[in-house]
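This report concerns only the one structure given below.
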Amino acid sequence: MATFGNLTDRLADTFKNLRGKGKLSEADVDRTVREIRRALLDADVALEVVKDFTGRVRERALGHEVSSALNPAQQVVQIVNDELVTILGGEARRIEFAKNPPTVIMLAGLQGAGKTTLAGKLSKWLAADGHTPLLVAADLQRPNAVTQLQVVAEQAGVAVFAPEPGNGKGDPVKVAKQALKFAKDKQHDVVIIDTAGRLGVDAELMKQAANIRKAVDPDEVLFIIDAMIGQDAVKTARAFQEGVDFTGVVLSKLDGDARGGAALSVASITGRPIMFASTGEGLDDFEPFHPDRMASRILD
Ligand code: GDP
């Protein structure tokens, strides 16, 4: 995966240095851990995540707790793999569908993170699975956001609810509530609400998102984060966690050649699982996120 190309190479070099060693001395482990630490920091992984990660790798590598069927180099790879899975959230988690439909999914994130694109991807994916999603245009901040969502909905072949002039226009909370009623009437079983974002964290919009959340009581709030934003990921994720709170994370633009630190930091910083990965501009460039598969890709 392009995003992790450099990290993958660096870790591979580190592991190569261990090959052929009969037993790892404490010095070997320390050198290895130092190299892993540098590789992660250079990939823009947040310092606190790196510290925890390398601390656990060191402890386990010195503890020799892994199967003796593996040689020392393989043991270290296994430990790093396990710990990557852990920081990526452990088990994969899926959307919790409401017992009484519609299931309400709200999208939040900075402008340009990929929310509107994701609304299209997610709805297409759900529709292919037999659901009848309704996209809701509650981003009334940007003049063409509503049109953009309509275009995406058409591409995805799903219905869209957008404010009519004079009918809740300008008030995203009203639009979201009307959309919920519409969805019940028309028997849409999933409602996906696109909300406004700004280029930076913004108190006013955060409050707006929090108000929408309060009004519609969503089953899932997905925080979409651009994997290319590097070290800003931590600050942004924390601001959204405090401002709106979210139940899951979506990593977007994993196809880019940024350093991928956001991807590796955000689940462990927020304690919220990464649920989907977005890997391109097309509506099919999207997949449910599997921590174990991502770890294997990084270590490939
Ligand atoms: P929003 O402001 O959060 O709604 O973001 P948009 O959905 O409008 O996306 C912003 C830009 O990023 C658009 O040009 C999208 O085509 C692009 N984009 C969204 N997701 C991805 C992705 O996973 N990979 C790539 N390469 N581009 C993406």
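The values are calculated or read from the model by the stated rules, or taken from the named source; none is laboratory data. Since the model is a prediction, treat every value here as computed from it, not as a measurement. Note that we place each Cβ from the backbone using ideal geometry, even for glycine, and neighbour counts take in every protein chain shown. In case anyone asks, the SASA skips ligands and DNA or RNA and just uses the protein heavy atoms, side chains included. Shrake-Rupley method; radii C 1.70, N 1.55, O 1.52, S 1.80 Å.
Of the residues that make up segment 55-70, is at least one open to solvent by 20 Å² or more (accessible area, probe 1.4 Å) and under 16 Å from Leu264 (Cβ atoms)?
Going through segment 55-70, the residues open to solvent by 20 Å² or more (accessible area, probe 1.4 Å) turn out to be 55-56, 58-60, 62-70.
Pick out the ones that are also under 16 Å from Leu264 (Cβ atoms) and you get 55-56.
Within segment 55-70, one or more residues are open to solvent by 20 Å² or more (accessible area, probe 1.4 Å) and under 16 Å from Leu264 (Cβ atoms).
No other residue among Ala127, Ala92 is part of a helix (DSSP H, G or I) and hydrophobic (A, V, I, L, M, F, W, C) apart from Ala127. Listed by first and then second residue, the pairs with beta-carbon distance under 6 Å, at least 6 apart or on different chains, first residue in segment 15-31 and of a type in the set (D, E, K, R), second modelled with pLDDT under 90, are Arg19/Ala73; Lys21/Pro72. When segment 1-51 is filtered for residues that are at pLDDT 90 or above, open to solvent by 10 Å² or more (accessible area, probe 1.4 Å) and under 19 Å from Gly230 (Cβ atoms), the ones remaining, listed by number, are Thr8, Asp9, Arg10, Arg37, Arg38, Leu41, Asp42, Leu47, Glu48, Lys51. Test Arg142 against the criterion of being open to solvent by 30 Å² or more (accessible area, probe 1.4 Å), out of contact with any helix residue (DSSP H, G or I) (no Cβ under 9 Å at 6 or more places or on another chain) and assigned to a loop (DSSP other than H, G, I, E, B), and give yes or no. Taking the combined requirement at face value, the residue does not satisfy it. Of the set (1) within 15 Å of the ligand (Cβ to nearest atom); (2) over 24 Å from the mean Cα position of the chain (by Cα), all apply to Met228 but (2).
Every residue in segment 91-109 that is hydrophobic (A, V, I, L, M, F, W, C) and open to solvent by 30 Å² or more (accessible area, probe 1.4 Å), please.
If the condition is that a residue be hydrophobic (A, V, I, L, M, F, W, C) and open to solvent by 30 Å² or more (accessible area, probe 1.4 Å), then Ala92, Phe97 are the ones that fit.
Being in contact (Cβ under 8 Å) with a residue 60 or more places away in the chain, away from the ligand (no atom under 15 Å from the Cβ), in contact with a strand residue (DSSP E or B) (Cβ under 9 Å, 6 or more places away or on another chain) and not hydrophobic (A, V, I, L, M, F, W, C) is not true of Gly261. Under 7 Å between Cβ atoms, at least 6 apart or on separate chains: pull out the pairs that start in segment 86-104 with a residue that is more than 15 Å from Asp217 (Cβ to Cβ) and end on any residue that is part of a loop (DSSP other than H, G, I, E, B). From segment 86-104, the pairs are Gly89/Pro273; Ala92/Phe289; Ala92/His290; Arg93/Pro273. Looking across segment 231-255, the residues that are of a type in the set (Val, Ile, Thr) and within 15 Å of the ligand (Cβ to nearest atom) come down to Thr236, Val244, Val249, Val250. For segment 108-124, enumerate the residues that are of a type in the set (Gly, Ala, Ser), part of a helix (DSSP H, G or I) and either within 9 Å of the ligand (Cβ to nearest atom) or farther than 19 Å from Glu281 by Cβ (or both). Listed by number, the residues that qualify are Ala119, Gly120. One residue stands out in segment 1-53 among those that are polar (S, T, N, Q) and in a loop (DSSP other than H, G, I, E, B): the one that is nearest to Val234 (Cα to Cα), namely Asn17. Just so you know, in segment 264-300 the residues that are within 11 Å of the ligand (Cβ to nearest atom) and aromatic (Phe, Trp, Tyr) include one that is nearest to Ile229 (Cα to Cα), and it is Phe276. Residues in segment 253-298 that are polar (S, T, N, Q), open to solvent by less than 30 Å² (accessible area, probe 1.4 Å) and within 20 Å of Asn6 (Cβ to Cβ): Ser265 only.
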